[in-house]
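A.B. asks: Please read through the structure below; I'll follow up with questions.
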Amino acid sequence: MTWKPSLLALGLFVAGPHLPLAAQIADLEEKHHVLSRISFGVSPSVFNSIITQQDLDNHILEQLHLVGNVSQGAIATNLLNYFPPVTNCGTIPTGSTSPGPWTTSMMQWQQLVRMITSEDQLVEVMTYFWENHFSTSVGKSGAPGGNGRGQCMRQRNELVENEGFRKLCLTNFYQLARHSMYSPAMRYYLDLAFSCENAGRSLNENYFRELLELHLLDATQFGTGIPNYTNDADIQAGTRLIAGMWVNRPTGNDAPYNQVTNTTSTTCNIFPALTLFNGPNQTHIADFSVPALPPSQWTSVNLDRRADELLRHVIRQTQSKVFLCSKLLRYFIADDAPESHPLLVRDCIAAWGDLGDVRATLKVIFFSPEFRSAARRWNRIKLPIEVAVSHARALDAQFHSVTNFMDVGQRLSAIDTFLSASGATLFTFPSPDGFPFASQRQIGMAAYWQQGYAAYRVYEDAVPPTQPLDNLSFNPRPLVEAELNRLGFSWSTSTSAQVALATLQLFFRNRYSQLDHRVTSAFLDEDSATGSPPTSLWNPNGPDADKRLRLAVALCLSLPQFCER
Amino acid sequence: MKKNNSIGRRDILKVGAASLPLCAFSRSLSAMASAAAGGNPNRRLLTIFLRGGNDGVNCVIPHGDLDYVNARQTIAIPPGPLTSLNGYPGIGIHPAMTGLRTLFNQGKVAFLHRVGNLEGQRSHFNEMHLLETGRLDYKASAKGWVPQALSQVPATGLMPAISLSHRMQRMYLSSAASDPTFHLQAPYSTSGALRTLAIDFADPGSPPAITPAIRVANRVEVTGASGAGAYPVTGEGPFLRSTIQTSINKLRQLRGNHAAFNRNGTAFPTVAGDPNVASLAATSSYYNFFARMEEAVYMLNQGISNFAGVELGGWDTHNEQTTAGQVGGSSAQGIHQILLAMLSHAITSAKASLGADSMILVVSEFGRTNRDNGSGTDHGVGALYMAIGDQVNGGVYNCWLPASPTMPAMGQPKGSQWRRLLAPPTDPKYFDAIEPATDFRVPLIEIATKFFQIPSANLVNLSEVGPAWRDIYNNTMMNPAYAQLNFV
């Protein structure tokens, strides 16, 4: 079995009046491919819009926020309005176990709503990309302990950090790294909040080491070619430089976000670490000269400035540029992208510039022939979150009968179950993707089976409606009918082979086999109402046509290629 | 009326409830172990990987070293009635490890201090990768050392090497063509509702029929629903279908013939007399560790596997190492104490079940800094490995203490280098860390040659680690870090 265009499709396909047949097919495939990469999955409504109302290039520019005024859209806005604002946790009395306005599940639902429904899809993709890159967990994004205010603060820190990534996701890498460095969620997660020079103790290296290994440079290259920032003297000197960048603990006054204090902590009364840089042996970190700063200038502004200078200095290193550009290329093109496309790497690094222009780099990638190459299609395995969300987007899923955030959560319970089973729930101890030991879990093909099984159960008429998978409202008939029309057929006179063709084209364009087509047709031809032998062939006007179609769609969504993009 | 020659939906469902999700892989599994020769097929090894970097200094503690308390002002573990080790007056064990202490005093435990990468790197990612592949050079597609060693043992079990984890362990990553290993990977639940068998192959380019998706994933998985007998799968070509069918049969055999395999771990945390039992009740998030340990022991005892691997995370104790932790959400103990109690419990239970031909090897990617950081420790270099079993030459290795007013100098120590554990390093790159005395590959080689009795000449046949392991084994340069510890 090989993946190649179905002869049936080649013979019947009539995508438009202007291009030769092969070119029409290639054009639709390219659009499908691009949409699958710059969004959380191809939505038929967006796809139709690209075909009928605007060209692909313009859509990309819109998604990059270079033209137009794209926003998350009315559907997402309405759903998100059911969630409470990020509030002041200080209203929870000290010692109280009363919960805050959020739960971790609500945070996950809100994120899923954005991923599924937002029209600003690239922003959601990149928000998740950076959230994963600067990975933190709601279980440790604030001071430990406490079910009341402490938990509220941890959730708030995580939400605020996530919203920051959303606002900055297309700007520049320096701002993103700085946002992460100053985020209380990160400071607690990697223990920077507990690091201050205190009589020679209490320096906690965790954050600075991971800042270099995970955030700014490539851990897998450590010790194998990166000349600077790899020895432990540098790690310790860097740790000292940023030590004491404190966040207010969740006291009764609920400190404002991002506030950095340098005098109020009981354990870090001031920054004695700075005195270390006045000695002859502590004036540099690798090749970064630590600017002199006399005690009279030890203000939080000046201290932040020193940390910022170090951050910018590392980001300007070629190794950092190669690391980040390669990661973007792998995500959007293919695992072997950096090695296979040295010229594209060069162009990306040029676009990345001094401090990491994300938007310019993505533009280079999205308009490169390598990105749109037919050879690069369907060669990325979706992460579990991408499988789950693209499942819903492929069917233009609707959140029906929603009146509050609990309704939203109930509609998402099937996806929740899938993500939980995949070990990929949002905001809870995520493994950053792209590293050898972590990525193996992320791309594990257990997801294939699970999503297939889930898809089947969504549509299996034997599953009672109380099963958790039957929540989001899907109506595949209009989508398939529109595809039938595009192919030159009519629903009322359609055969099972034609409907199968339209269904497979809807989800996979030509990425299906003859066997897939035969099986899909068979699903349409059989009576699924009873366990008795099937008795009737496909009848588009029959009473069970919709049910048969749902089963055929379920089959398509369980095919292994749905786990690819 | 059903059409002739059509594929019925129910026909498909007979094969798999989800119809066609899964795919391909490489050559026949019948080739597995066929090339094996020389090793002892009756030996069993259980590996436990402590992810995050275990603080070995607070596990097997140099109480007699004055530097210990000085270096660890906030996290030092004081000596007490539960810490003493027979024959080692200046060295104690963490009091949470009561079961392991008993085993040690019976001569069944070797604590191998100061084992590590001589390069002194302190990256989780690098050090895990090197330890799991047995190599000193980073190679993204490198195989694990377990299947390479397995290739020299004429194993006949259903799944000669198996990793039980929520993800694949690289230590068990193999080329399915010659020495396959298996990964049981599932969201574990008390009902054991779902389980996936994964087979990995290291070379993404072979065979050519593999789909791009599989090529990226480097693996094939076959999944079975509990009791349903449903194994959805598809392959490309008769060869691959045959291979997958073999995998299905293995999973079916495991689930069918070994109904007792599905464990929930309840048998393990019930060792009488352990004062930490109560604390373990608060660690539900780590409860699966016991289930996996129990399953691993079952597979080894049943002769299903020669190698079985589990892992336990949470050892990256930068903070709250000995104070109130977040493990389980409500414990008042430090993270490290809870983890050590769990580890000791699981090992004690496993040892009680395993036969005399079995060994448990505990490793971690690095140790931690000598000096605490206020409430925890940062990344170090030299680690503590542990070997448990009847074939072990028990004792504390690579740790020596000088005489003090209250303690005579330790007699002839075990290990390759006699130095204080917390002695200042001879090389700045080991600053504030345990300087490794033994290369991390030495214990692996000793297990291969002495425990599994693989002829040393066969080491050079190991496809990837062979040349380097040969150099270490022969040690023609007389490098003390390559000297055998003789703990087996």
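A.B. asks: Filter the cross-link list B:Lys414/B:Lys450; A:Lys31/A:Lys547; A:Lys167/A:Lys327; A:Lys31/A:Lys363 down to pairs whose alpha-carbon distance in this structure exceeds 23 Å. Could you put the intermediate results ahead of the total?
C.D. replies: Numbers: B:Lys414/B:Lys450 17 Å; A:Lys31/A:Lys547 30 Å; A:Lys167/A:Lys327 21 Å; A:Lys31/A:Lys363 16 Å.
Cα-Cα > 23 Å for A:Lys31/A:Lys547; rest within.
A.B. asks: How many nm is it between the label spots at B:Lys139 and A:Asp308, if each spot is 7 Å from the Cα in line with the beta carbon?
C.D. replies: Each label point lies 7 Å from its Cα, and together they span 4.7 nm.
A.B. asks: Would you mind ranking A:Ser490, A:Ser340, B:Ser123 by Cβ crowding within 10 Å, fewest neighbours first?
C.D. replies: Going from sparsest to densest Cβ surroundings: A:Ser490, A:Ser340, B:Ser123.
A.B. asks: Under 20 °C and 1.002 mPa s, how fast does segment B:344-472 diffuse according to Stokes-Einstein, given a Kirkwood radius computed over C-alpha pairs? Answer in µm²/s, whole number.
C.D. replies: Answer from the Stokes-Einstein relation: 125 µm²/s.
A.B. asks: Give the order of A:Glu210, A:Glu29, B:Glu365 when sorted by the count of other beta carbons within 10 angstrom, beginning with the fewest. Intermediate results must be reported in sequence, preceding the final value.
C.D. replies: On the way: A:Glu210 24, A:Glu29 19, B:Glu365 30.
Ordered from fewest to most neighbouring Cβ atoms within 10 Å, A:Glu210, A:Glu29, B:Glu365 come out as A:Glu29, A:Glu210, B:Glu365.
A.B. asks: Can you put B:Lys143, A:Lys31, B:Lys351, B:Lys450 in order of Cβ neighbours within 10 angstrom, beginning with the fewest?
C.D. replies: On the way: B:Lys143 28, A:Lys31 20, B:Lys351 23, B:Lys450 16.
Fewest-to-most ranking of B:Lys143, A:Lys31, B:Lys351, B:Lys450: B:Lys450, A:Lys31, B:Lys351, B:Lys143.
A.B. asks: Would you work out the charge dipole size for segment B:400-488 about its Cα centre, treating the Cβ of every Lys and Arg as +1 and the Cβ of every Asp and Glu as -1, and quote it to the nearest 20 debye?
C.D. replies: On the way: 7 positive and 7 negative charges, 46 e Å.
Taking the Cα centre of segment B:400-488 as origin, the dipole is about 220 debye.
A.B. asks: Could I ask something else about it? To the nearest 20 debye, what charge dipole does segment A:356-409 have about its Cα centre, counting +1 at the Cβ of each Lys and Arg and -1 at the Cβ of each Asp and Glu?
C.D. replies: On the way: 8 positive and 5 negative charges, 71 e Å.
The dipole of segment A:356-409 has a size of about 340 debye.
A.B. asks: Please compute the length gained on full extension between A:Ser490 and A:Lys547, using 0.36 nm multiplied by the number of residues separating them and subtracting their Cα-Cα distance.
C.D. replies: Numbers: separation 57, 0.36 × 57 = 20.52 nm, distance 1.85 nm.
Using 0.36 nm per residue and subtracting the Cα-Cα distance, I get 18.7 nm.
A.B. asks: To continue, here is another question. In segment B:330-488, with Lys and Arg counted as +1 and Asp and Glu as -1 at Cβ, which of these residues, B:Pro455, B:Gly374, B:Ser416, has the Cα nearest the positive end of the dipole, that is, farthest along it?
C.D. replies: So the residue furthest toward the plus end is B:Ser416.
A.B. asks: Could I ask something else about it? Note down the magnitude of the dipole of segment A:306-392 about its Cα centre, charges +1 on Lys and Arg C-beta and -1 on Asp and Glu C-beta and zero elsewhere, to the nearest 20 debye. Working shown, then result.
C.D. replies: Details: 14 positive and 10 negative charges, 30 e Å.
That gives a dipole near 140 debye.
A.B. asks: May I ask you to derive the FRET efficiency for A:Val67 and A:Asn147 from their Cβ-Cβ distance with R0 = 51 Å, giving the value to the nearest 0.05? Could the numbers behind the result be given before it?
C.D. replies: Values: r = 48 Å, r/R0 = 0.94.
Given R0 = 51 Å and the Cβ-Cβ separation, E is 0.60.
The numbers here are math on the coordinates, done by the rules we state, and not lab data. The structure presented is a predicted model; accordingly, all values stated were derived computationally and were not measured. We place every Cβ from the backbone using ideal geometry, glycine too, and count neighbours over all the protein chains shown.
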